[in-house]
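Enquirer: Can you keep this structure in mind? I'll have questions shortly.
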Amino acid sequence: MTGMTVRHVAVIDIGKTNAKLALVDLEAGRELAALRQPNRARTGGLFPHHEVGAIWDFILHGLRQFASGEGVDAISVTTHGATAALIDGGGELALPVLDYEFDGPDDMRAAYNKVRPDFSETGSPALPIGLNLGAQLFWLSRRFPHEFAQSSAILAWPQYWTWRLTGVLASEVTSLGCHTDLWNPHEGDFSSLVDRMGWRGQFPPLRRAGDILGPILPEIADRTGLDPATPVVCGIHDSNASLLPHLLGRKPPFAVVSTGTWVVVMAVGGSKPELDPARDTLINVDAFGNAVPSARFMGGREFEMVMEIQPRQSDPSDLSAVLKAGNMLMPSVAEGSGPFPDARSRWIGTEPTGGKRHAAVSLYLALMTATCLDLVGAQGDIVVEGPFVSNEPYQAMLEAATGRHVVASGGSTGTSIGAAMLARLPEADIALGIADNPRADLLLVRYAREWKEAAQIA
């Protein structure tokens, strides 16, 4: 099957909050169908871990549904980062797949800090809990030395699922290079940590994100009804999946804001400032192996934390009322990460409810995003991907706070589209469906200025 024959791509998209399976039509540049289920970590057992069996059943059920409908020409996988599976010689999990929000690795932080590389080598900041994959592996190797020693392969999360589909082991740079401490983006090789710990031999050969690892295994074809020749590409980290269409179709400088549980800001062709690891800036590695200055915060998680059972919508009158009253949510709702990791969230003015609360929280998320854009030296247009595309107050404030043009990528998520495009590299070409957003008004600009001043004092 040649790249040009691929039209319908089934994208397995494992996010931190939800698992999704999308059928993407590359000719139309849109999702034809999408299935979702919650992705909840299990708290029992040795440590909190991902429900691999439940995710796998969801994937097979969805592929079977797609196969009986439009059909599937290829399969691609994209997932969140900071997650890996340890595979033993018999093809089983040597240990459960650790949930990165588990704080166990913090127990060995002092010992780990003695072996982890400097930020100047990896572009990976020291992060709490299990957000540095290297810290997870270090903790597992010390806490469960026998089981860790039984592992013959360390697979990043996308490549675990492509292995389940094809039986082919692979490593890939977008997942290795996302704040893991495991990758040196300047040298294009594993970091000194990997050799210091003797882990290099456990990482399978490097493959490109768009490489076809092979057709699906016969048993997968039997269980799903897919053509046994259906190709599976190597897979990609989710933020880099969002970035890929713009790398192919947009001239630098520009920035992409990938929204979801995490809001990840990636600057392409910007001013390249000195990154501050204390403010959750980092270097991501794109699908072509290039270093991308990035910053992030848990925007989607913060939205859920603050909104709780409140209405998830607002109208222009709600926004106007918030701007005039000066109701401001200050960082950080999710403490310990993002551009203000040590700040404790508070409200300036009255804490709003209903639609006004939605408007105020949206403004907060936009101003946190604008801060991240400043930290990575972003220039040019700002392209927003994912769920925040439909949030009008967010879009308007982002433009006001940055003074630059903000555009919204069509569809509910750019992650699935980007991951699907891997199946047609290097010929991939797709209409991004980008829509303009309204220009900023003076009330938004004033609010942004006052928020920034208050955030610096905190």
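Enquirer: Considering the dipole of the chain built from charges on the beta carbon (Lys and Arg +1, Asp and Glu -1) around the Cα centre, which of Y394, A360, H237 is farthest to its positive end?
Expert: A360
Enquirer: Let's see if you can work this out: charge +1 on each Lys and Arg Cβ, -1 on each Asp and Glu Cβ, no other charges. What is the dipole magnitude of the chain about its Cα centre, in debye to the nearest 20?
Expert: 480
Enquirer: Now for a different question. With each run of n ≥ 4 DSSP H residues scored as -39500 (n - 2.57), what mean residue ellipticity at 222 nm is computed for the chain after dividing by its residue count and rounding to the nearest 500 deg cm²/dmol?
Expert: Mean residue ellipticity, 222 nm, calculated: -10000 deg cm²/dmol.
Enquirer: Going by how many other Cβ atoms sit within 10 Å of their own, how do M305, M266, M330 line up, fewest first?
Expert: If I rank by nearby Cβ atoms, fewest first, I get M305, M330, M266.
Enquirer: Could you work out how far apart the two model spin labels at R64 and A229 are, taking each label as a point 7 Å from the Cα in the direction of the beta carbon, and quote it in nm?
Expert: Between R64 and A229, the simple spin-label model gives 2.5 nm.
Enquirer: State, to one decimal in nm, how far the label point of K251 lies from the label point of M108, with both points 7 Å from Cα in the Cβ direction.
Expert: 5.1
Enquirer: Charges at C-beta only: +1 for Lys and Arg, -1 for Asp and Glu. How large is the resulting dipole of the range 239-457 about its Cα centre, in Debye rounded to 20?
Expert: Approximately 180 debye in magnitude.
Enquirer: For the range 239-457, what is the Kirkwood estimate of the hydrodynamic radius, computed as the reciprocal of the mean inverse distance between distinct Cα atoms, to one decimal in Å?
Expert: Roughly 17.4 Å, rounded to one decimal.
Enquirer: Take the Cα atoms of the chain, build their convex hull, and give its volume per residue in Å³.
Expert: In the chain, the Cα convex hull volume per residue is 134 Å³.
Enquirer: Suppose the chain between D57 and D222 were pulled fully straight at 0.36 nm per residue; how much longer would it get relative to their current alpha carbon spacing?
Expert: Extending this stretch completely gives an extra 58.0 nm.
Enquirer: What nm distance separates the two modelled labels at I348 and E92, each placed 7 Å from Cα along Cα→Cβ?
Expert: For I348 paired with E92, the spin-label model returns 5.8 nm.
Enquirer: For the range 293-349 and the range 167-239, compute the distance between their C-alpha centroids and round to whole Å.
Expert: 36
Enquirer: Could I ask something else about it? From the cross-link list K251/K324; K324/K452; K251/K272, which pairs have alpha carbons spaced over 28 Å apart? Present the calculation step by step, with values, prior to reporting the outcome.
Expert: Details: K251/K324 38 Å; K324/K452 17 Å; K251/K272 17 Å.
K251/K324, as the Cα separations exceed 28 Å there.
Enquirer: A follow-up question, please. May I ask you to sort S171, S242, S152 by Cβ crowding, counting other Cβ atoms within 10 Å and putting the fewest first?
Expert: Details: S171 21, S242 30, S152 16.
Least to most surrounded, the residues fall as S152, S171, S242.
All of the numbers you see were taken from the coordinates with simple rules; none came from a lab. The shown structure was predicted, so the numbers you read here are calculated from the model rather than taken from an experiment. Because the Cβ atoms are built from the backbone with ideal geometry, glycine has one as well, and the counts that use them run over all protein chains shown.
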